[in-house]
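In what follows, a structure is listed as C-alpha cells, so that the remarks can point back to it.
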Amino acid sequence: MGGLAREDRRRWGVGAVVILALGGLAIAVIVGVVRGAASAQSMTSAPVTVATASVSLYVHVSGAVNAPGLYVLHPDARVVDAVAAAGGFADDAESSGVNLARPVSDGEQLIVPRVGEVSAAGPAGVAADGRVNLNTADEAALDTLPGVGPAIAGRIIEWREANGRFASVDDLLSVSGIGPKMLESIRDLVTV
C-alpha cells in the first residue's frame, strides 16, 4: 500500500508540474499578445513618427489647423494624416477645400484654408511655389510644362498609376517620350 501511495504522489507531482508549465506558457502567450496589440495600436493611432529620413516624409502643415508645424510622416501618408498630426482642423477651417485622400510629398507645404479663403495650393497638382507636383498633378497641370502635351501628360499619369508615386524627378526618364533633354528643360518646374 505504501508503494501505491508513493506512485500516486509521484503522478500528482508530475501532473502538477505539467499544469504549472502550461499555465506559465499560457500567461507568456497572453502577455505577448497584449504587448503586440498595444504596440500595433500605438502605431496605427499616431500618424506622426520619428523614423529615418530616407523612409519618412517631412510635411509643413500651416493655415487653419490647431497645431501648425513641421511633421514627420510615414512614406504612404495622406493629407488626412498631416492634418491629424497638426491637431486637426481649426474651428475656422474650410475643410471642403482640402482633399484629405491625396498622398503627401516629402518637403510639401500643406496650407489649410480658412473659411472664405481660396486654397494657396492653386490648381490640382500645382504647389504654392508654382511647380507642378508629379505625384498629384492632373493632365491639365502637366500640360502646362514646356514640351509636355496631352499625350505625354497622359503617359506620366499612366506611369504613376501603374508604378506608384514618383520618388524623384529623375523617375520621369522611365516615362515613354521623356528623355534626358526634356527632363533637363522641365526639372526646375516640377517637384515630387
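Data table
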read-out: Filtered residue count, the stretch 95-118, keeping only those that are open to solvent by less than 40 Å² (accessible area, probe 1.4 Å) and either assigned to a loop (DSSP other than H, G, I, E, B) or without any contact (Cβ under 8 Å) to a residue 12 or more places away in the chain (or both); value: 5
read-out: Count of the stretch 79-94 residues which are surrounded by fewer than 20 Cβ atoms within 10 Å (Cβ to Cβ), of a type in the set (A, V, I, L, M) and within 14 Å of Ser62 (Cβ to Cβ); value: 1
read-out: Pairs with Cβ under 7 Å, 6+ apart, first in the stretch 128-154 and in contact (Cβ under 8 Å) with a residue 24 or more places away in the chain, second open to solvent by 60 Å² or more (accessible area, probe 1.4 Å); value: Arg131/Leu189; Val132/Thr144; Val132/Leu189; Asn135/Arg165; Leu145/Leu189; Pro146/Ser185; Gly147/Ser185
read-out: Subset of the stretch 148-176 (residues that are of a type in the set (Gly, Ala, Ser), within 22 Å of the chain's Cα centre (by Cα) and assigned to a helix (DSSP H, G or I)); value: Ala162
read-out: Among the candidates Val169, Val126, residue that is modelled with pLDDT under 85, aliphatic (A, V, I, L, M) and open to solvent by less than 40 Å² (accessible area, probe 1.4 Å); value: Val126
read-out: Residue under evaluation Gln41, criteria (1) open to solvent by 70 Å² or more (accessible area, probe 1.4 Å); (2) at pLDDT below 65; (3) within 27 Å of Leu134 (Cβ to Cβ), criterion not met; value: (3)
read-out: Meets criteria (at pLDDT below 95, surrounded by fewer than 12 Cβ atoms within 10 Å (Cβ to Cβ) and under 26 Å from Asn163 (Cβ atoms)) for Thr52; value: yes
read-out: Count - residues of the stretch 172-191 that are open to solvent by 30 Å² or more (accessible area, probe 1.4 Å) and either within 18 Å of Ala140 (Cβ to Cβ) or in contact with a Lys or Arg (Cβ under 9 Å, 6 or more places away or on another chain) (or both); value: 4
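Results for (1) touching a Pro at 6+ places or on another chain (Cβ under 8 Å); (2) modelled with pLDDT under 90, shown as yes or no for each residue.
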{"position": "Thr136", "(1), (2)": "yes, yes"}
{"position": "Gly147", "(1), (2)": "no, yes"}
{"position": "Arg155", "(1), (2)": "no, no"}
{"position": "Arg160", "(1), (2)": "no, yes"}
{"position": "Pro180", "(1), (2)": "no, no"}
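The values are calculated or read from the model by the stated rules, or taken from the named source; none is laboratory data. Since the structure is predicted, the reported quantities are computational estimates derived from the model, not experimental observations. Reconstructed Cβ throughout: ideal geometry from the backbone, glycine too, with neighbour counts over all protein chains shown. Accessible surface is based on the protein model in full, side chains and every heavy atom, while ligands, DNA and RNA are left aside. Shrake-Rupley method; radii C 1.70, N 1.55, O 1.52, S 1.80 Å.
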